1. Are any of the residues in the stretch 31-38 more than 30 Å from ILE340 (Cα to Cα), without any contact (Cβ under 8 Å) to a residue 60 or more places away in the chain and open to solvent by 10 Å² or more (accessible area, probe 1.4 Å)?
2. Just one of (1) part of a loop (DSSP other than H, G, I, E, B); (2) in contact with a His (Cβ under 9 Å, 6 or more places away or on another chain); (3) buried (at least 17 other Cβ atoms within 10 Å of the Cβ) trips up ASP575, so point out which.
3. Pull up the stretch 442-458, narrow it to residues that are at pLDDT 85 or above and either surrounded by fewer than 21 Cβ atoms within 10 Å (Cβ to Cβ) or touching a strand residue (DSSP E or B) at 6+ places or on another chain (Cβ under 9 Å) (or both), then point me to the one that is nearest to SER362 (Cα to Cα).
4. Among the candidates LEU168, LEU141, LEU163, single out the residue that is surrounded by fewer than 16 Cβ atoms within 10 Å (Cβ to Cβ), within 21 Å of GLY253 (Cβ to Cβ) and either modelled with pLDDT of 90 or more or of a type in the set (Gly, Ala, Ser) (or both).
5. Before we move on, is LYS270 under 22 Å from ASN150 (Cβ atoms) and either under 13 Å from the mean Cα position of the chain (by Cα) or of a type outside the set (A, V, I, L, M) (or both)?
6. Within the stretch 578-599, which residues are among the charged types (D, E, K, R) and either touching a Gly at 6+ places or on another chain (Cβ under 7 Å) or crowded, with 17+ Cβ neighbours inside 10 Å (or both)?
7. Do we have ASN529 as modelled with pLDDT of 95 or more, of a type outside the set (Phe, Trp, Tyr) and assigned to a helix (DSSP H, G or I) here?
8. Can you name the condition, by its number, that GLU407 falls short on among (1) farther than 28 Å from ILE475 by Cα; (2) among the acidic types (Asp, Glu); (3) part of a loop (DSSP other than H, G, I, E, B)?
Amino acid sequence: MKTFYINRSANTSADTLLAIGWAALLQTVCKELGRPDKQILLQSQQGSYEITITRALTEEQLISDKKIPFLDPLISAKQDERQAKKGRTLEDGFNYEKQREKQKEMVAQRRSFVDPRLRSPDAFWLQDPKLIQLREDGPRLDYPHYQAINMMKVPDTFNAIVLRWQGLSAQQQWLSISLLFRLFSQPENDVEAAISDWERLAKEQEIERKATVTAVQVINPTTGKGSNTPKSDHLNSGGLDSFWLLELLKFKGFMLGAMPYVLRGSKDRKTYVIQPAQITLGALTRMMEDFRAICWSSTAIKLDIVAALRLAQVLVKGRLNELRNGQGLAEWEKRPIISIARGFDVAFYKDMGSAHATMNVSTINIPSWFPQLRTLTQVEAADELLQEHLRIIRRIEGYQGKEGNDELELLRVYRDFLSGHDLYPFWTFASSYGSYLFRQREHEKTVKRWLPQLTKKGLDILVMHHQNKGDLSPITQNRGFQHIASAIREATVRAQRRYTQENDNRYEVRYGLGQELIRKARYRNDFTNALNEFLFLYNAETARQEEKVARKLQKRLTTDDYRKNHLRSPVTTTDIDQLNMLLDTYPTELIAKMLISYGYARLETISSAELNDDNDTETETPADDEQ
């Protein structure tokens, strides 16, 4: 047998955790049998996950005298007391108090670094010796997972499952593995038959026969206490039950394929579970380790966005390293990154005081901006674009780091853009963000704290690769569109920079221009009237400054004169005619939002110095501990 099937019976992240857990157990089994397999492949198929091993395995081969620990129990003072009442002593496992102290020490030491680059999540990519040593001295990588188990008050259930597995003899463990082997060998998983097999096995081996345990929400987000009867003839405050061996596998999958967070500024929680499309277990495990290192906790909506961008960054960085080192790409890596991992299943848990309750389950997709990343140039461009968007999203915050209505709306629109693989919501975000940063810069005296602009290069990459609803490149390549976008830039962000940094107030700063054009964008006549009014004022102001310089130089101005005297170029009637041709072809609202987006974008790329400056305004925070 080379292929195994995990049915999507729950249609939630629980199915993914089960698939990853079974793949991890298969990897351990192959290693114990003296046939290690580093290429166990997980593939998402219609209605199930397929797990493929390199060499065929039969049930008859599943014999060994070696026990498989698989998971460590959670050890804490409370658990010691409870286990002592049952006559047990927990010696080997995850020492929660000790690991929590290591986490606190690591966070404190990171904050003490003088170099702001080392306090940033992006410091992970630097491979600085101080950070490497910090991670080596820090807590175990699965600390956030045990923290979630503890905070969501399910260590009793978790330990009961782990200790039950560890309490089996080597023979009983391998018989249980044979049972799971039969279950997942069939395209349709017959869980009821597996439960019956367990009950017979337990009777023969004279061990605990009860086959089911409570399905806890930390790994089964849509289950929990409540009324769970097929017929509503009575109320039941208990939770749903599940086969205990499946819950064991889910907890293992949780350790490898999930990342739980405490949301910044609250005790609410979110858990992100990877959605593998086609990836080896080893690559998935390494990818999630890197992801946990660079994706720190934030607020609810922002964390969704940052998680998706950070996962894409991990995939892109991995490909970048392979190409730079001349390793080449594995066959499954040559496809678009969205064909490796689609994104995350997200569960939001509300803190209710005495417990956490599942309030929402959703998905967040990784960007589909990069259909092919086979050359070093393509991968480097993708990496730059991800840095640009992360830089912008992380800086969207209101007074004292809090998110008001404007910030929340911007983040919601951007999240919709990621979730839908649709570029249209992005233009809503980009045009609104332009006006937002313009207002912020008006009140911010320190230029280093100015919000970053989107870049024209980044916008062009999105247009080039994102063609779900048609090719938009004829818009951006239109000369009239380019010249009018440049006029908007000159009258807003460029005029503002002239006034605040260059002591040049020749041109009026057109505050509110972007907002006015967006308001008029629904109807063509309203939009063109508003745009023409702006262009009339723009050209008149431009002409006045041209006249002053021409009188001073006493000659007709040349292109070189425009450059040396920092003069603006006028918008011509030809430019307006070309834009009107676009309005004949495309929706007015689309043209308006793209025009504003490009108008507020910067022409220069982001420098490394600017990226370093951003570390001083870092808004993400690593998860400390219970608050």
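1. Checking the stretch 31-38: not a single residue is more than 30 Å from ILE340 (Cα to Cα), without any contact (Cβ under 8 Å) to a residue 60 or more places away in the chain and open to solvent by 10 Å² or more (accessible area, probe 1.4 Å).
2. Single failed check for ASP575: (1).
3. Only one residue tops the list, namely LEU454.
4. Matching residue, one of LEU168, LEU141, LEU163: LEU141.
5. yes
6. The answer is GLU589, LYS593.
7. Yes: the conditions hold for ASN529.
8. (3)
The values are calculated or read from the model by the stated rules, or taken from the named source; none is laboratory data. A quick note: this is a predicted structure, and the numbers were derived from the prediction, not measured. Glycine also receives a Cβ, built like all others from the backbone with ideal geometry; neighbour counts cover every protein chain displayed. Side chains included, ligands, DNA and RNA excluded: accessible areas come from the protein's heavy atoms. Shrake-Rupley method; radii C 1.70, N 1.55, O 1.52, S 1.80 Å.
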